[in-house]
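The values are calculated or read from the model by the stated rules, or taken from the named source; none is laboratory data. Owing to the predicted nature of the structure, the values given are computational and were not obtained by experimental measurement. Neighbour counts run over all protein chains shown; Cβ positions are idealised from the backbone, glycine included.
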Amino acid sequence: MRTTGEIDSIEDRMRHATRGPLFVSFAAGDAGTWHIDRIAAVRGEGLAPAETLSIVEAGADHSQDSWRWILRGVTSNTRYTNRQESKTMTQRQQGLGRPEATRAALIPIRKNNAWWALSQDDRRRIFEEQSGHIATGIEYLPAIARRLHHSRELGEPFDFLTWFEYAPEHAGNFEELVKRLRKTREWQYVDREVDVRLRRI
């Protein structure tokens, strides 16, 4: 079983990792570096209550009894972003682990079969041309940092795990961001979503 110090060192490495896929586990239990304020089922089945969350490497030992649930994902190349959008995001966004960013959200989502039956071009059209997912997210940079993890290919219960970090004074901005995204056409394809809100211990 990993000590809190070992978990911290893993998170430090994650914050500075910029190349290659990174396998990540979000483990909820009774001991961790983030306190869970609430777990809300937005659509579909929720997640079991837990006190804290640890962000650990996917290959870490999860055998301790205190884990209530574990969600796994991997970072990857961008899937729906064009060159100009990628350039803008790179210029404006800041990394995770900023001292002032003591609030966080973990939002796992799963999209329905109708979404995955679409071609890549059709998904991009709904994702950005019709829903403005990327353009909306850019508006909230650099205040709200994010990292996307892909889970569908791992056989996990969710398709995507998005981790957000922000300072307490930007909590209102984050609420506005998620409210706007949930009103888009893209979200009509979401059949399961959970909203986990946290604060750094």
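Sort out which residues of segment 27-43 are under 30 Å from Gln188 (Cβ atoms) and surrounded by fewer than 15 Cβ atoms within 10 Å (Cβ to Cβ), and write them in order of number.
Hits for segment 27-43 are Asp37, Arg38, Ala40, Ala41.
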Which one is farthest from Ala101 (Cα to Cα), of the residues in segment 163-191 that are assigned to a strand (DSSP E or B) and within 14 Å of the chain's Cα centre (by Cα)?
Trp163
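Results for (1) exposed (fewer than 13 other Cβ atoms within 10 Å of the Cβ); (2) at pLDDT 95 or above; (3) closer than 24 Å to Ala143 by Cα, shown as yes or no for each residue.
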| site | (1), (2), (3) |
| --- | --- |
| Asp65 | yes, no, no |
| Gln84 | yes, no, yes |
| Gly95 | no, no, yes |
| Arg103 | no, yes, yes |
| Ala114 | yes, yes, no |
Take Thr18 and tell me if it is at pLDDT below 95, out of contact with any Leu (no Cβ under 7 Å at 6 or more places or on another chain) and over 26 Å from Ile138 (Cβ atoms).
no
The condition from (1) more than 20 Å from Arg197 (Cα to Cα); (2) acidic (Asp, Glu); (3) at pLDDT 95 or above that Asp159 misses is numbered (1)
Here is a list of conditions, (1) out of contact with any strand residue (DSSP E or B) (no Cβ under 6 Å at 6 or more places or on another chain); (2) buried (at least 19 other Cβ atoms within 10 Å of the Cβ); (3) modelled with pLDDT of 95 or more, and Arg185 meets all of them except one; can you say which number that is?
(2)
Return yes when Val24 is of a type in the set (Val, Ile, Thr), crowded, with 18+ Cβ neighbours inside 10 Å, modelled with pLDDT under 90 and assigned to a strand (DSSP E or B) and no when it is not.
no
